[in-house]
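To keep things clear, I will list the structure first and then write my remarks on it.
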């Protein structure tokens, strides 16, 4: 059986381009005992993957040149040589970006998205939802009446993080890159105010949106936005640092424009903490329950931007950095059987 | 009765100079009921005071132009119109920089420095000692076998912070500005290794001194040193941010060269937290006990650099920024009676 796979052809310098990726067809081996054959339904593209395209050591190994990318995938079992999962089951796993994968049965798990589309296992009920939950609730810890600012607020993580802060009784301000996104987060998600960072006077917009200062800043972007945020942080404020998307596509030699935070850290006694979703593995159940209940009770709204076809993965990935997506950026590769 | 006082004559732009301060003689009023007349013995000069010389709002009010500076003082009661303290008592307080002060009796407290010189109430058993304790033990939380780096390691705070980390079982590396200080912290204080930031190859020196990376970085200085530290931070490392002395004397328009920390925060899931000693007021007793026992049992060594005479305060203050002092920088104004 043949499958297309998406390879890293060349490490990008800056934003990935047509030299970065290559699609190749490869033989997929039959599943042996304890293995399953999987048909990819959805592929998740996520900003952190950009880091793996470089050769710098980080918390995950770099992708290898000439080897397929890998990431979050929802797939259907089309052949099983194991007790679990069974043929027909919809599963989630961290898998090579291929249309078909042979994988160890215990490397995937059945998705439990209730009445939701199984893609939710890659968005609100998956890594982005959990990331939003832990960063906001375990590090940000918003309290009734506090002001919470979320950057990349209409993104996969931001959309959930902001709603969780709302539910905790905070006043929530979202930073977004377009009017469409501003409308989405206020009208659909219930954010209290928005700041459009591509418009003029970011600092003034932010001051106007945060008359009582900022108690929690959920950081997804870094760069100039951070510089506008820091002077407004209140005493004992918290900054969960989830991402720094503004710096992920720096070219060799380009300086990181992350904020110079030192003086504000002391003045306002800020706690700034980087985290990964995996750091909170022992709390997954707690988070999953909150997220699943929120969605099923209609208190947690989420959006997905779904590109179509295996070929669309590079475009969908780059779209993360150009503000293409509202909510979780996904690629639908096939329909379940 | 007349007393000299040290005024802020003009807000400094950069390092204070001869335009910044002025000494004037003023009448000191007699103590009324509930007041005491105090003779200043020791004046504490501390880097944070530089912030109060600017007109920017911060966690303490700016000094007023034409008014005396104020800060930590150890004084002797020479007249008391209160039950406590009594004439002859040695007290500590936050007081105007004058040779004599009339103050409310309840604004000062008797110092308890056991067999130590009363100046210890401004160093190891005062604000710097407490600051070292809380930053290291409540935020840094060094563990057996971890690597701890302390910047400004021979300073008032650094000398204590490093020894506390040693006592917790950590390997302790101190960053200092001279060979004399390097010898002091290794031979007298028992630090395991030193890095001299004024020598070449700070990054290489630091890598050599920290072969297993860094688990706690006690930050006193900021600037280029921070940039060398951040790539070496281990997963789940902690950075208590006590000071950023490299940026305190920036001139108007000069850019803060604090470290660009964002990418490292996420990669290594660092917790970076600014703090002030006052944030831990409810733990003062605990800290004081540890520090006092450490000193009396000979496990906590400390040094003071003592300038002589009221006139010496400006010079002593500026010396904080030019690496003048080993241990706590103080000015001895008078001997007790």
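From the set of residues in the stretch A:229-243 that are at the interface with chain B (Cβ under 8 Å from one of its Cβ atoms) and under 24 Å from the mean Cα position of the chain (by Cα), which is farthest from residue B:271 (Cα to Cα)? Among residues in the stretch A:229-243 that are at the interface with chain B (Cβ under 8 Å from one of its Cβ atoms) and under 24 Å from the mean Cα position of the chain (by Cα), the one farthest from residue B:271 (Cα to Cα) is A:243.
Inside the stretch A:17-47, residues that are assigned to a loop (DSSP other than H, G, I, E, B) and in contact with a strand residue (DSSP E or B) (Cβ under 9 Å, 6 or more places away or on another chain) make up a count of 10. Does residue B:237 count as touching a residue at least 24 places away in the same chain (Cβ under 8 Å) and buried (at least 23 other Cβ atoms within 10 Å of the Cβ)? So residue B:237 passes the test. Checked against the criterion of being surrounded by fewer than 21 Cβ atoms within 10 Å (Cβ to Cβ), at pLDDT 90 or above, over 27 Å from residue A:48 (Cβ atoms) and facing chain A (nearest Cβ under 9 Å), the candidates B:256, B:279, B:311 yield just one match: B:279. Residues in the stretch B:172-194: is at least one more than 13 Å from chain A (Cβ to nearest Cβ), part of a helix (DSSP H, G or I) and modelled with pLDDT under 95? No, there is no match, as no residue in the stretch B:172-194 is more than 13 Å from chain A (Cβ to nearest Cβ), part of a helix (DSSP H, G or I) and modelled with pLDDT under 95. I need the full set of residues from the stretch A:48-63 which are out of contact with any strand residue (DSSP E or B) (no Cβ under 7 Å at 6 or more places or on another chain) and either exposed (fewer than 12 other Cβ atoms within 10 Å of the Cβ) or under 23 Å from residue A:126 (Cα atoms) (or both), in order please. If the condition is that a residue be out of contact with any strand residue (DSSP E or B) (no Cβ under 7 Å at 6 or more places or on another chain) and either exposed (fewer than 12 other Cβ atoms within 10 Å of the Cβ) or under 23 Å from residue A:126 (Cα atoms) (or both), then A:48, A:50, A:51, A:52, A:55, A:56, A:57, A:58, A:59, A:60, A:61, A:62 are the ones that fit.
Going through (1) more than 9 Å from chain A (Cβ to nearest Cβ); (2) outside any strand (DSSP E or B) one by one, residue B:226 falls short only on (1).
Of the set (1) at pLDDT below 85; (2) part of a strand (DSSP E or B), all apply to residue A:238 but (1).
Counting only residues that are within 22 Å of residue A:3 (Cα to Cα) and in a loop (DSSP other than H, G, I, E, B), the stretch A:62-81 holds 7 of them. State yes or no: is residue B:216 assigned to a strand (DSSP E or B) and within 11 Å of another protein chain (Cβ to nearest Cβ)? So residue B:216 fails the test. Given the criteria closer than 19 Å to residue B:154 by Cα, crowded, with 21+ Cβ neighbours inside 10 Å and in the same structural domain as residue B:12 (by TED's automatic domain parsing), does residue B:318 qualify? So residue B:318 does not fit the description; no. Within the stretch A:291-337, the set of residues being in a loop (DSSP other than H, G, I, E, B) and over 15 Å from the mean Cα position of the chain (by Cα) comprises A:297, A:298, A:299, A:300, A:301, A:309, A:333, A:334, A:335, A:336, A:337. Return yes when residue A:304 is without any contact (Cβ under 8 Å) to a residue 40 or more places away in the chain and either closer than 23 Å to residue A:197 by Cβ or more than 14 Å from chain B (Cβ to nearest Cβ) (or both) and no when it is not. The answer is no for residue A:304. Residues in the stretch B:135-162 that are surrounded by fewer than 24 Cβ atoms within 10 Å (Cβ to Cβ) and touching a helix residue (DSSP H, G or I) at 6+ places or on another chain (Cβ under 9 Å): B:137, B:138, B:146.
Number of residues in the stretch B:153-164 that are touching a strand residue (DSSP E or B) at 6+ places or on another chain (Cβ under 7 Å) and assigned to a loop (DSSP other than H, G, I, E, B): the value is 3. With respect to residue B:200, is the statement that it is farther than 27 Å from residue A:220 by Cα, out of contact with any strand residue (DSSP E or B) (no Cβ under 9 Å at 6 or more places or on another chain), within 14 Å of chain A (Cβ to nearest Cβ) and surrounded by fewer than 16 Cβ atoms within 10 Å (Cβ to Cβ) true? So residue B:200 fails the test. Going through (1) touching a helix residue (DSSP H, G or I) at 6+ places or on another chain (Cβ under 6 Å); (2) farther than 28 Å from residue B:252 by Cβ; (3) part of a loop (DSSP other than H, G, I, E, B); (4) modelled with pLDDT of 95 or more one by one, residue B:129 falls short only on (3).
In the set (1) farther than 25 Å from residue B:139 by Cα; (2) in the same structural domain as residue B:168 (by TED's automatic domain parsing); (3) not in a loop (DSSP other than H, G, I, E, B), residue B:288 fails one condition alone, (1).
Only one of the numbered conditions (1) out of contact with any strand residue (DSSP E or B) (no Cβ under 6 Å at 6 or more places or on another chain); (2) free of Cβ contacts under 8 Å to residues at least 40 places away in the same chain is violated by residue B:167, and that is (2).
Confirm whether residue A:246 is at the interface with chain B (Cβ under 10 Å from one of its Cβ atoms) and either closer than 23 Å to residue A:45 by Cα or surrounded by fewer than 17 Cβ atoms within 10 Å (Cβ to Cβ) (or both). So residue A:246 passes the test. Summed over the stretch B:48-61, the residues that are modelled with pLDDT under 95 and assigned to a loop (DSSP other than H, G, I, E, B) give a count of 9.
The values are calculated or read from the model by the stated rules, or taken from the named source; none is laboratory data. Remember, it's a predicted structure, so these values are computed and weren't measured experimentally. FYI the Cβ positions are ideal-geometry reconstructions off the backbone, even for glycines, and counts take in every protein chain you see.
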